[in-house]
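The values are calculated or read from the model by the stated rules, or taken from the named source; none is laboratory data. Only a predicted model underlies this, so the values are computations on that prediction, with no experimental measurement involved. Positions of Cβ are backbone-derived with ideal geometry, glycine not excepted, and every protein chain shown enters the neighbour counts.
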Amino acid sequence: MTSDSTSMPPAVSDSLTPPLSDPADVDLHPLAEADDLLVALDFDGVLAPLQDDPSLSRVLPASAEAIARIATLPNTQLALVSGRDVATLRGLADPPASAMIVGSHGAEIDLGPGQDASGTESAATASGTESAATASAPDPTEANAVTNDEEELLAAIDDHLAELTTLSDREGFDLRIERKPYSRTVHTRGMAPGLAASLREHVVSVQAEHGGIRVIEGHDITELAVSQATKGTGIRALVAEVHPTAALYLGDDITDEDAFAELAEMRPEVTGVGIKVGSAPTQAELRIADPDAVATLLTRLADERAEFTAS
Ligand SMILES: [Mg+2]
């Protein structure tokens, strides 16, 4: 570089708030030495690098090894928290058997084998329509069932998105719509910005016709959801079940901000540590770079937690 380099704007990592931390330097003592620890992790962009084709997302091997170890430690509960539906997430992430799973941005909660999700207050709250869920779901196993109102909204969304099929045929682009129990997600990753913007505009226009539909924006996705649950709802449900003294949450997307906010609200009863992955704005108190940094951090946590719980 020439002398001009002195007047160049600072590198992105210098201007971030909070600044980027080296995963080798993050103080993990409050987590490793907690009486009861909840480790809650987003999947896409955190455990798994983002992919143009979301069906190709996989947990990095080093992170898979770390969470497998974390899941076996005493007084330590692992949970995955994702916008994906639970069935898809289980297929892609192949989580340890004891892991609790929050899917569909908090609308689906699976507390794992031997756990009765429906019998808890948390599961009912997670439906987003507490009384309706209870009334329409006398069978305990149906606590996560879609209500009639939600069913009607999903049908309206499907009709609306069907119009895009005609457009994609005419314009010759690959329309990727993911169907989830509580939502439909339109993927725009890899598309020309103009096309992605006009697609998004059409997708969200359904909101003007039907109240009760929530638009969730993420990395190259626009999602239409019929449940008002958020990842914050999911964190609340996990904490109500696990009663941890400390909780870690790692997330990379806008939707993870609800989880960070929930952790902050639980202080001081729960020592919450929120870590943003990537460079997007956040209210988390710490930030690391990417899924590789996540793997380093989780490996350290597995080591330090194992040492503490064995002593
Ligand atoms: Mg993510």
Tally of residues being modelled with pLDDT of 95 or more and outside any helix (DSSP H, G or I) across the range 282-311: 9
Do you know which of the residues in the range 41-91 that are within 23 Å of Met191 (Cα to Cα), of a type in the set (A, V, I, L, M, F, W, C) and within 14 Å of the ligand (Cβ to nearest atom) is nearest to the chain's Cα centre (by Cα)? Phe43
Scanning the range 220-260 residue by residue, the ones that are within 16 Å of the ligand (Cβ to nearest atom) and part of a helix (DSSP H, G or I) total 11
Sort out which residues of the range 55-80 are small (Gly, Ala, Ser) and in contact (Cβ under 8 Å) with a residue 60 or more places away in the chain, and write them in order of number. Ala62, Ser63, Ala66, Ala79
Is it the case that Arg267 is modelled with pLDDT under 95 and more than 17 Å from the chain's Cα centre (by Cα)? yes
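Take the range 161-211 and flag every residue that is assigned to a loop (DSSP other than H, G, I, E, B), of a type outside the set (Gly, Ala, Ser) and over 26 Å from Val146 (Cα atoms).
Within the range 161-211, Phe173, Asp174, Thr188, Arg189, Met191 meet the criteria.
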Tally the residues that are within 16 Å of the ligand (Cβ to nearest atom) and touching a residue at least 40 places away in the same chain (Cβ under 8 Å), restricting the search to the range 203-219. 3
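Would you check if Ser5 is away from the ligand (no atom under 16 Å from the Cβ), at pLDDT below 95, under 19 Å from Asp252 (Cβ atoms) and outside any loop (DSSP other than H, G, I, E, B)?
no
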I need a count of the residues in the range 271-311 that are buried (at least 20 other Cβ atoms within 10 Å of the Cβ), more than 16 Å from the ligand (Cβ to nearest atom) and free of Cβ contacts under 8 Å to residues at least 60 places away in the same chain. 1
Sort out which residues of the range 95-110 are polar (S, T, N, Q) and within 12 Å of the chain's Cα centre (by Cα), and write them in order of number. Ser104
Report whether or not Ile157 is out of contact with any Phe, Trp or Tyr (no Cβ under 6 Å at 6 or more places or on another chain), in a strand (DSSP E or B) and modelled with pLDDT of 95 or more. no
Search result, residues across the range 35-77 that are part of a loop (DSSP other than H, G, I, E, B) and surrounded by 22 or more Cβ atoms within 10 Å (Cβ to Cβ): Asp42, Phe43, Gly45, Val46, Leu47, Val59
Of the conditions (1) modelled with pLDDT of 95 or more; (2) part of a helix (DSSP H, G or I); (3) not aliphatic (A, V, I, L, M), Glu151 satisfies every one except a single condition; which number is it? (1)
